[in-house]
Amino acid sequence: MQYQSLNHFLNSNIEYLKGVGPQKAEVIKSELGLFTFKDVLQYYPTRYVDKSKVSLIKEFSEESPNIQIRGILLDFQLQTSKNGKRLSAVIKDSSGIINLVWFKNYQYVIKNLKLQHVYTVYGKVTNFNGTLSISHPEIKLYTPEDDKLGLKMEPVYPLTEKLKSRYVDSKLIGNMVVQIVTNPQFVWPEFIPDTITYPIKLISAQQAIKWIHYPRTEHEASDAIRRIKFEEMFVLAMRSEKNKALRKQTQQGIKMPKVGDNFNQFYKEHLTFELTNAQKRVIKEIKEDLAHGSQMNRLLQGDVGSGKTIVALLCMLLAKDNGHQSCLMAPTEILAFQHYITISDLLKELPVNVRLLTGSTTAKERREILALLKEHQIDILIGTHALIEDDVAFHSMGLAIIDEQHRFGVAQRAKLWKKSINPHILVMTATPIPRTLAMTVHGELDVSIIDELPKDRKPIRTLHKDESLRYEVMSFVKTQIDKGRQIYIVYPLIEESSKLDLNDLMNGYDEVNSYFPVPKYQISLLHGKMKQDVKELEMNRFKNGITQIMVSTTVIEVGVNVPNASVMIIENANRFGLSQLHQLRGRVGRGSEQSYCILMTKDELNYPSKKRINTMCKTNDGFIISQVDLELRGPGDVLGTRQSGLPDFKLLDLGKDTEIIDLAKRAAAYLLKLDFDLKDQNHKPLLQYLIQHQSDHFWSQIS
Ligand code: ADP
Ligand code: MG
C-alpha cells in the first residue's frame, strides 16, 4: 500500500463539501487554517455532548443535568407576559413530563412543532420545586431513520466568535467530517506497523480518525484519543531514539577506561561521607559510558541537596586519571566560586590543578590561566559563561560538565562542547523537569537520577505564615539563632533593575536590623547590584558563621551550600514560581539539624499562588513539585523558552500522559532494534510517513 498515493482524495479543497460554500470556506481557512479534507479530519473536538443514550425524564439528576429524552409533544403555546413573549411546550414520556421554553428565536421552532408527534429533546434540565424544564433545548422530530443512524456522542469543536457569527458551528464541522468519512474514496492510511499496534491494543489509524469525531461511546472516544496521542509521541520518539542510537554508533568518544590513583585515593581517603546508593549507581553509569568508546551525553537529575557536586568531582577525577582535562560551568559567579572553593579544598592533597575563571577574573590572571590551560597545567577548570569565550582553549578537554543546565541556552551549551572533539558531556539539574518533559525535550540524552538524599537529612518543615504573624516568626528565628543556627531571608527581585523590589529588600533589611540589633547579631546583605568582590565577601562572612542572617534576593538561589543554615524565610512567597521556591528551600536542610522554610505572604492569594504554597507545605519531593508546576503553567513556560524545541502536540498532554509517552518511546526503541533503517516491507508506510512529516530531511537522508 502506497502511503502517498492515497492522499489525493484527502487533499481536496474543503469547498467541495456540501454546506460549506466559498464564503464559509474562506473564513474556515483564515480562522482555523483548515484547507483540505485532511486538515478537517485532524481538527479534533475538545469534548463531546453525550447523546449516546436516551434517558427517561425521571432519571434526571442534579449532578448531570444535561439529558436526552424522547417523548410525545402534548401541548405548546406562545405566551405573552410583561417580560415579553415566550414559547412553551410540554413533552411526556413513560416516566413523566417536562416543560420546554424558548424566550427568543422561537419562530423557527414553532413552525415545526406538531402535536402528538414524538420528539428527541436534548438540553440542560432545571428543577424548580419538582417541576422540570429545559430552556432553549435542541429538539428534533423523531423518525425511524434515527434508529438506523444510531445515537452518538456529538463532537464540540473549538471555534472563534467570528466563525460563529458566520454560521460556522460545531454542527457544520461535524457535518463536513461525516461527508468525508462516508465518501467511498475515504481511506486513512495506517503507518504504524502491527508489530507495534497489536500488542499494545492500539486501534487503527482509520478507526481512530472516525472515532475521534464520532465515537458511539466514551470508550470509543478514549480509544481514539489514546491512539492519536501515541502517534504524536511515537513520531517524535522515532527520531530521538534513532538519533541517540546513531550517536552511540558513530560518535567515537574519548576512551577513559582507567580508574586510577586520583579517583581511588580520593574515594578512600578524602571522601568524608559514604555515598548514597543513588550516587554510587550514577557514578557507575557514568563510568561505563566513559569506559566504552561512545561519547557520553547524559543528564543528571537530582533534587537539591542530593549531592551532585561530588558526583561531578569523581567524574572529573576519572578524566584526570585518563590524561584529560575537564571543566565545570555554573550559571552564577557565586556558584562557580563556591564549587571552586569546595573542590579545590577537597583536592588539596592530590596532584590535581584546579582553577577558577569568571567574568571578574583579572586580565592578568586570565592570561595566565589560558596559557596554563593550553599546556595542560590545569586539570579542572571551573567557571561561569566566561568558559565559553573563544580564546579559552584546552589542551585536551575530555569531559564537560554543566551545573544547573536549564539556566543555559542551547547555543551556550553547544559552545562548550565545541571546545574539544566529542568530549563527554554531563549536564546536571536540580530542577527536576517532570520525567515526561525530560523524555520529550531531552529525548536524545541518557538520564541518570539521584533519587535519594544523604541519610542524615531530616525533611524540611515548610510553613505558610501571614504578615500579621511576623513577630511570631521573628521570635522563632531568634530561638534558632540562639541555638547556633543561621537564617536566610529572601526577597523577590524579579528584575535586577526593579527599584520597587530593591526598596522592598532594603526596607526588609532595616526591619530585620531592628529585630536583631548589632553587635549581638550580624546581618549580611546580598543582591545582584553589588560588586562581585563585595558579594563574595558577604557570602563568605555568612558561610563562615560571622553573620547569622543573610538578607538577599534570589542571587543565592542556585546551589549555594551553607549546611549550618536551618531556616529559609521567603518574603512575598506568592510572587515566586514553584521551582524557584523549591530551589530556595533547598538552601536549608543541608546539615543534620531540623530545618524550616517559612513562606510569608501579605496579599490575598489567587488560585495558582495558593496551589503553589500548599504544594510547598505538603511535599519536599522535587518531582511532585515539578509535576504541579507543569500542570499550573504548561510545558512551554516550565522550560522557560520555546527554543527548547518543544513540539506542539494536538492532544498529547506532557503533564498527564506519562504512560503513553513512556510506551511510545519504548515502542520506537523496539522497532529500531528490529529494523534500524526501516527497510522491512511492513515498515515502509512508517518510513514514508516520517519522510513526509519532516521539515529537515532527517529521515530521507538516513534512509
Ligand atoms: P546538589 O545536588 O544540590 O548540588 P550538593 O552537591 O551541593 O547538592 O550537596 C549538598 C551537601 O550534601 C554538600 O554539603 C555535600 O557535601 C553533602 N553530601 C553530598 N553527598 C553526601 C552523602 N552521600 N552523605 C552526606 N552528605 C553528602
Ligand atoms: Mg548543586
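The values are calculated or read from the model by the stated rules, or taken from the named source; none is laboratory data. Quantities reported herein were computed from a predicted structural model and do not represent experimental measurements. When we count neighbours, we look across all protein chains shown, and the Cβ atoms used for this are built from the backbone with ideal geometry, even at glycine. Keep in mind that these areas ignore ligands, DNA and RNA; they rest on the heavy atoms of the full protein, side chains included. Shrake-Rupley method; radii C 1.70, N 1.55, O 1.52, S 1.80 Å.
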Revision key, fill the gap. Output for the range 569-630: GluC sites (Glu not before Pro) sitting in coil per DSSP, at most 10 other Cβ within 10 Å, listed by number, reads E604
Check your understanding: If Lys and Arg each add +1 and Asp and Glu each add -1, what is the summed charge of the other residues whose beta carbon sits under 11 Å from the beta carbon of V118?
Key -> +2
Revision key, fill the gap. Per the rule of 0.36 nm per residue minus the C-alpha distance, extending L469 to H270 adds in nm 67.1 nm
Review point. Put a dot 7 Å past each Cα toward the Cβ at Y16 and N83; how far apart are the dots in nm?
Key: 5.0 nm
**Study point:** Base-10 log of normalised Debye intensity for the range 53-151 (one unit scatterer per alpha-carbon) at q = 0.10, 0.11, 0.21, 0.22 Å⁻¹
**Key:** -0.26, -0.31, -1.11, -1.21
Check your understanding: Of Q279, N11, L357, which is farthest on the positive side of the dipole of the chain, counting Cα position, with +1 on Lys and Arg Cβ, -1 on Asp and Glu Cβ, and the Cα centre as origin?
Key -> N11
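Within the range 10-82, how many Lys pairs sit with Cα atoms under 21 Å apart, leaving out pairs fewer than 8 places apart on the same chain? Please list the in-between numbers first.
Numbers: K18/K29; K18/K38; K24/K38; K29/K38.
The number of close lysine pairs in the range 10-82 is 4.
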Exercise for review: Note down the nm distance, to one decimal, between modelled labels 7 Å out along Cα→Cβ at K529 and at V447.
Suggested key: 4.1 nm
Review point. So if we plug the beta-carbon distance of S344 and E62 into 1/(1 + (r/R0)^6) with R0 = 51 Å, what FRET efficiency do we get, rounded to 0.05?
Key: 0.15
**Study point:** Those trypsin sites (Lys or Arg not before Pro) in the range 445-521 that DSSP places in a loop and that have at most 10 other beta carbons within 10 Å
**Key:** K455, K483, K520
Point to revise | Local electrostatic count, L41, Cβ distance below 14 Å [Lys/Arg +1, Asp/Glu -1] | key: +2
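Once neighbouring chains are kept in place and the probe is 1.4 Å, which whole percent of the accessible area of the range 53-151 is contributed by carbon and sulfur?
53 percent
Using a probe radius of 1.4 Å on heavy atoms only, what accessible surface per residue do you get for the range 261-450? Whole Å² is fine. Write out the running numbers ahead of the final one.
Numbers: 6980 Å² over 190 residues.
For the range 261-450, the solvent-accessible area averages 37 Å² per residue.
Determine the per residue accessible area of the range 126-232 with all protein chains present and a 1.4 angstrom probe, expressed in square angstrom.
54 Å²
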Check your understanding: Can you tell me the accessible area per residue over the range 461-619, all protein chains present, probe 1.4 angstrom, in square angstrom?
Key -> 43 Å²
Check your understanding: Calculated FRET efficiency, H292 and Q681, Cβ-Cβ r, R0 45 Å, to nearest 0.05?
Key -> 0.85
Review point. Each label point is 7 Å from the Cα along the Cα-to-Cβ direction; what then is the distance between the points at S592 and L537, in nm?
Key: 3.6 nm
**Study point:** Fraction of accessible area attributable to carbon and sulfur, the range 461-619 (%, probe 1.4 Å)
**Key:** 51 percent
Point to revise | Beta bridges per DSSP with both ends in the chain, % antiparallel, nearest 5 | key: 40 percent
